[in-house]
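We did not get these values from a lab; they are worked out from the coordinates using the rules stated. Note that the structure is a prediction, hence the values are computed from the model and not measured. Glycine also receives a Cβ, built like all others from the backbone with ideal geometry; neighbour counts cover every protein chain displayed.
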Amino acid sequence: MKQHETLPLVPVARGEGPWLYDFDGRRYLDAISSWWVNLFGHCNPRINAALADQLTRLEHVILAGFTHEPAVELAERLSALTGGALGHCFYASDGASAVEIALKMSFHCWRNSGRPAKTGFVSLAGSYHGETLGALSVTDVALFRDTYAPLLMRSTQVPSPDARTAGAGESARDLALRCARALEAHLAAHHATTAAIIVEPLVQCASGMAMYDPEYLRQARALADRFEVHLIADEIAVGCGRTGTFLACEQAGITPDFLCLSKGITGGYLPLSVVLTRDAVYRAFYDNELSRGFLHSHSYTGNALACRAALATLDIFREDRVLEANRARAARLTELAAPLRAHPRVQNFRHTGMIWAFEVADDAPQFARRFYRAALERELLLRPLGSTVYFMPPYIIGEAEMQLLVERTLEALDASATAAP
Ligand SMILES: Cc1ncc(COP(=O)(O)O)c(C=O)c1O
């Protein structure tokens, strides 16, 4: 809050498409999809219409003992997107609550299966899974984690296959195999006390858009099977088409035991999250004895408006062939970004699906803050993660906006090198 003395909050009056407008008529291109949630622009007419219709039917109802059409239809459509492999859906509200559910459900499933010693969790170095205590326990970002360390449960971090860390002559796939061997060594020693490994498939977003080879996911799947631990895919940031396929796991041809979705699932309209899991996990809880059941609830679980926004979002994916259109859009933005890639201060320019990222060589303090300000002054909403600048635009970004994004980013780069903090 103190920093806002010199960098005031931006009050937003309205949004339209990829643009946000303040009360003075200034506009900002939402090049980070408002923390990676917005897929089809602000005030999307089709999602608005679905919500307006839902408002005349049902806004919310307790999801214990009762159910409603959007929750049932959404569960069925999401399950179908996994080819039916994940046949059960557990609803919650935000991303972190989905992670809490996946962790608790994994542990409880093993306990119900007569293996109560499986209490440990493994995550990747640099992983981010949310800010609640369970999710923070498997998060490895010191800034968010260190203060609360005494409150957190035990977890282990194994090396990340982050392609930027590949050795000389080592491909991203070689690195993935090397990191998988480290996971193997850990599981060989600790599988009896490990419930699950949790990963952000293909891109570790919050720790700086670390991108990695799908081979790691294939290896993790095989190791999870071999050592009898669950594989949790946290696709909260990378799901819903962000990496180029609807689910990032598709690129590795694997199905996790738990799949967490949130953020883009409602097109960025309302908080909703969901954990999908297998029939076998469901069966482990199916019992007359109450304590064997999964007693976890949130008041707004499976909110009808949020589920309806999610259904409208899935409709847009289907009707507009979004994944296909995004391939062309991504190729064009990558082409336009050539001057950025060639900029003398830009390093590790990389791209997966609808995510672009690069590091900026900058010795001056507070680069992120200076760049954020310089971008805002040029109609761009961009929030670097440390020295990493990234684009995660909504899937409706057009040619003119892509050109503006690249041109103004170049200007902001040069301006932030000299601007006062
Ligand atoms: C991979 C991942 N998991 C979990 C979360 C937490 O989601 P939420 O902020 O909705 O709690 C995030 C948020 O950025 C995320 O990127």
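Which translational diffusion coefficient, to the nearest whole µm²/s, is obtained for segment 46-121 from the Stokes-Einstein equation, given a Kirkwood hydrodynamic radius over C-alpha pairs, 37 °C and 0.692 mPa s?
Stokes-Einstein gives a translational diffusion coefficient of 217 µm²/s.
How much length would be gained if the chain were fully extended between ARG27 and LEU336, taking 0.36 nm per residue of separation minus their Cα-Cα distance, in nm to one decimal?
Here the answer is 109.0 nm.
Which value, in debye to the nearest 20, describes the size of the charge dipole of segment 1-128 about its Cα centre when Lys and Arg Cβ atoms bear +1, Asp and Glu Cβ atoms bear -1, and nothing else is charged?
So the dipole magnitude of segment 1-128 works out to roughly 520 debye.
Using packing as a proxy for protection, rank 191-198, 347-354 so that the peptide with the highest average count of other Cβ atoms within 10 Å comes first.
Answer by packing, highest mean first, reads 191-198, 347-354.
Decide, for segment 191-330, between rounded, prolate and oblate: order the square roots of the alpha carbon gyration tensor eigenvalues as a ≥ b ≥ c, take rounded if a/c falls under 1.5, and otherwise choose prolate if a/b is larger than b/c, else oblate.
Since a/c reaches 1.5 but b/c is at least a/b, the shape of segment 191-330 is classed as oblate.
Subtracting the Cα-Cα distance from 0.36 nm times the residue separation, let me have the gained length for HIS60 to GLU411 in nm, one decimal.
Here the segment from HIS60 to GLU411 would lengthen by 121.7 nm.
For LYS118, give me every one of the lysines with a C-alpha distance below 21 angstrom, ignoring sequence neighbours fewer than eight places off in its own chain.
Result set, ordered by chain and number: LYS104.
As a check on your grasp of the helix formula, calculate [θ] at 222 nm for the chain: sum -39500 (n - 2.57) over DSSP H runs of n ≥ 4, divide by the residue count, round to the nearest 500.
Mean residue ellipticity, 222 nm, calculated: -11500 deg cm²/dmol.
Output the relative contact order of segment 228-383, whole-number percent, from Cα pairs under 8 angstrom with separation of 6+ residues.
Contact order relative to length: 18 percent.
Taking neighbour counts of Cβ atoms within 10 Å as a proxy for exposure, in what order, fewest first, do SER106, SER387 appear?
SER387, SER106
Sorting MET211, MET105 on the 10 Å Cβ count, fewest up front, what's the list?
Final ranking by Cβ density, sparse to dense: MET211, MET105.
Rounded to whole Hz and in sequence order, give me ³J(HN,Hα) for segment 377-393 from the Karplus expression 6.51 cos²θ - 1.76 cosθ + 1.60, θ = phi - 60°, writing x for Gly and Pro.
Residue by residue, segment 377-393 yields 5, 10, 6, 10, 9, 9, 10, x, 9, x, 8, 8, 9, 9, 10, 9, x Hz.
How do VAL138, VAL158 line up, fewest other C-beta atoms within 10 Å first?
VAL158, VAL138
Taking every DSSP beta bridge that has both residues in the chain, what percent is antiparallel when rounded to the nearest 5?
65
Restricting to segment 104-224, compute how many DSSP beta bridges are antiparallel as a %, nearest 5.
DSSP beta bridges in segment 104-224 are roughly 20 percent antiparallel.
In terms of modelled amide H atoms, which long-range or inter-chain residues lie less than 5 Å from the amide H of GLY17?
HIS42
To the nearest 20 debye, what is the magnitude of the charge dipole of the chain about its Cα centre, counting +1 on the Cβ of each Lys and Arg and -1 on the Cβ of each Asp and Glu?
In total the dipole reaches around 500 debye.
Could you go through segment 319-333 in sequence order and give the Karplus-derived ³J(HN,Hα) for each residue, using 6.51 cos²θ - 1.76 cosθ + 1.60 with θ = phi - 60°, rounded to whole Hz, and x for Gly and Pro?
Result, ordered by residue: 5, 9, 6, 4, 4, 5, 4, 5, 5, 5, 4, 5, 4, 5, 5 Hz.
Determine the distance separating the Cα centre of segment 155-204 from the Cα centre of segment 101-142; give it in Å without decimals.
Spelled out, the Cα-based centre of one part sits 16 Å from the other.
Could I have the simple spin-label model distance between GLU76 and ARG383, label points 7 Å from Cα toward Cβ, reported in nm to one decimal?
3.8
Toward the positive end of the charge dipole of segment 216-311, about the Cα centre and with charges on Cβ (Lys, Arg +1; Asp, Glu -1), which of THR255, TYR282, SER297 goes farthest?
Checking the options against the dipole of segment 216-311, the answer is THR255.
Which of the GluC sites (Glu not before Pro) found in segment 13-117 are loop residues per DSSP with 16 or fewer other Cβ atoms within 10 Å of their Cβ?
Taking segment 13-117 and a limit of 16 other Cβ atoms within 10 Å, the loop GluC sites (Glu not before Pro) found are GLU59.
Nearest 0.05, what FRET efficiency do ARG14 and ASP315 give at R0 = 30 Å with Cβ-Cβ as r?
0.80
Most mobile of LEU382, LEU272, LEU295 per a Gaussian network model of the chain (Cα springs, under 10 Å)?
LEU295
Treating only the Cβ atoms of Lys and Arg (+1) and Asp and Glu (-1) as charged, compute the dipole magnitude of segment 277-388 about its Cα centre; round to the nearest 20 debye.
240
Per residue of segment 364-374, in order, report the coupling 6.51 cos²θ - 1.76 cosθ + 1.60 (Karplus, θ = phi - 60°) as ³J(HN,Hα) in whole Hz, putting x for Gly and Pro.
5, x, 6, 4, 4, 5, 5, 5, 4, 5, 4
Select from segment 152-249 those trypsin sites (Lys or Arg not before Pro) which occupy a DSSP coil region and have at most 14 other Cβ atoms within 10 Å, ordered by residue number.
ARG154
Just need the relative contact order of the chain here, percent rounded to a whole number, with Cα pairs under 8 Å and 6+ apart.
Relative contact order of the chain: 21 percent.
Which length gain, in nm to one decimal place, applies between LEU323 and ALA149 when the Cα-Cα distance is subtracted from 0.36 nm times their residue separation?
Extending this stretch completely gives an extra 58.6 nm.
How big is the chain along each principal axis, measuring the range of its Cα positions in Å and listing the largest first?
64, 59, 43
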